[in-house]
Amino acid sequence: DVKVTQSSRYLVKRTGEKVFLECVQDMDHENMFWYRQDPGLGLRLIYFSYDVKMKEKGDIPEGYSVSREKKERFSLILESASTNQTSMYLCASRGSLGDNEQFFGPGTRLTVL
Amino acid sequence: AQSVTQPDIHITVSEGASLELRCNYSYGATPYLFWYVQSPGQGLQLLLKYFSGDTLVQGIKGFEAEFKRSQSSFNLRKPSVHWSDAAEYFCAVSLSGGYNKLIFGAGTRLAVHP
């Protein structure tokens, strides 16, 4: 089974802190994604990566950056956390062949005080 | 721009009743279509998907969905709901080609009364 893990289930940070959210997948997938989930808005794509060191902006990249130094790991970085970044963050991965199914991690619920 | 609409934000059904969750998409061609479920505090789990062929798709946990091209719809159904089906359900579409990003609907939260 594909496994996508995220470093923390719950995280509390203060405004202005630098925050790292880590995601690791074990299926050698080329593509990895970061979403944020907010009530009534569904999932919105922040950034995605289709290869090591490659990244593309999603629909809401402002205030975020990403890093993909190794194929299995995709990090989301909040350079200076703000209260409006309080949300659930979901990581996903997908292979390049076959169908377009994405496999999701359990999520990190981030609270910025 | 492509979009996915789930018209029902909340739905409440009695245990044992039938269920239909609606999903409409806006896209010029037939996209890949997905239904995901999210139980409280969990990530998303794929229920079923449609790419081509038979328009009635069977998924896990007794769910099925029907693709109707003329209505741009992909509604999710279950004949008899169990209390454990209480969760949030997301419809998503993926465009063929390019980076195949998923576009999600806002979700439908299902409550099940005993």
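Somewhere in region A:84-101, is a residue in a loop (DSSP other than H, G, I, E, B) and farther than 21 Å from A:Tyr50 by Cα?
There is at least one residue in region A:84-101 that is in a loop (DSSP other than H, G, I, E, B) and farther than 21 Å from A:Tyr50 by Cα.
Take region A:50-65 and flag every residue that is in contact (Cβ under 8 Å) with a residue 12 or more places away in the chain and within 14 Å of chain B (Cβ to nearest Cβ).
Of everything in region A:50-65, those that are in contact (Cβ under 8 Å) with a residue 12 or more places away in the chain and within 14 Å of chain B (Cβ to nearest Cβ) turn out to be A:Tyr50, A:Asp51, A:Met54, A:Lys55, A:Gly58, A:Asp59, A:Ile60, A:Pro61.
Output the residue which, of all residues in region B:7-22 that are over 14 Å from B:Lys78 (Cβ atoms) and either touching a Ser or Thr at 6+ places or on another chain (Cβ under 9 Å) or free of Cβ contacts under 8 Å to residues at least 60 places away in the same chain (or both), is surrounded by the most Cβ atoms within 10 Å (Cβ to Cβ).
Step by step, filter region B:7-22, then rank; the result is B:Asp8.
Filter region B:28-47 down to residues that are in a strand (DSSP E or B), in contact (Cβ under 8 Å) with a residue 24 or more places away in the chain and among the hydrophobic types (A, V, I, L, M, F, W, C) and give me whichever is nearest to the other protein chains (Cβ to nearest Cβ).
B:Phe34
Conditions first: (1) more than 10 Å from chain B (Cβ to nearest Cβ); (2) surrounded by 13 or more Cβ atoms within 10 Å (Cβ to Cβ). A:Val4 passes all but one, so which condition is the exception?
(1)
For region A:94-101, state whether one or more residues are more than 11 Å from the chain's Cα centre (by Cα), among the hydroxyl-bearing types (Ser, Thr, Tyr), open to solvent by 10 Å² or more (accessible area, probe 1.4 Å) and within 24 Å of B:Ala92 (Cα to Cα).
Yes - at least one qualifying residue is present in region A:94-101.
Does region A:33-47 hold any residues that are open to solvent by less than 10 Å² (accessible area, probe 1.4 Å) and either of a type in the set (D, E, K, R) or more than 10 Å from chain B (Cβ to nearest Cβ) (or both), and which are they?
A:Trp34, A:Ile46
With the structure loaded, tell me whether B:Glu20 is in contact with a Lys or Arg (Cβ under 6 Å, 6 or more places away or on another chain) and either at pLDDT 95 or above or part of a loop (DSSP other than H, G, I, E, B) (or both) or whether it fails that test.
yes
For A:Asp28, only one of the following conditions fails: (1) open to solvent by 60 Å² or more (accessible area, probe 1.4 Å); (2) touching a helix residue (DSSP H, G or I) at 6+ places or on another chain (Cβ under 8 Å). What is its number?
A:Asp28 satisfies every listed condition except (2).
In this structure, is A:Tyr89 at pLDDT 95 or above and among the hydroxyl-bearing types (Ser, Thr, Tyr)?
Here the answer is yes, as A:Tyr89 does meet what is asked.
In region A:60-80, which residues are in a loop (DSSP other than H, G, I, E, B) and open to solvent by less than 40 Å² (accessible area, probe 1.4 Å)?
Correct list: A:Ile60, A:Pro61, A:Tyr64.
Within region B:66-112, take every residue that is under 15 Å from B:Thr30 (Cβ atoms) and in contact with a Cys (Cβ under 8 Å, 6 or more places away or on another chain) and give me the one that is nearest to the other protein chains (Cβ to nearest Cβ).
B:Cys91
Which one of these is exposed (fewer than 14 other Cβ atoms within 10 Å of the Cβ) and either more than 13 Å from chain B (Cβ to nearest Cβ) or within 15 Å of A:Leu43 (Cβ to Cβ) (or both): A:Thr108, A:Thr83?
After ruling out the rest, the residue left standing is A:Thr83.
Working only within region B:23-62, note down all residues that are touching a strand residue (DSSP E or B) at 6+ places or on another chain (Cβ under 6 Å), surrounded by 13 or more Cβ atoms within 10 Å (Cβ to Cβ) and farther than 27 Å from A:Asp38 by Cα.
Across region B:23-62, the qualifying residues are B:Phe51, B:Val57, B:Gly62.
The values are calculated or read from the model by the stated rules, or taken from the named source; none is laboratory data. This one's a predicted model, so the numbers in the text were calculated from it and none came from an experiment. All Cβ positions, glycine included, derive from the backbone under ideal geometry; neighbour counts span all protein chains shown. Side chains are part of the model used for accessible areas, which takes the heavy atoms of the whole protein and leaves out ligands, DNA and RNA. Shrake-Rupley method; radii C 1.70, N 1.55, O 1.52, S 1.80 Å.
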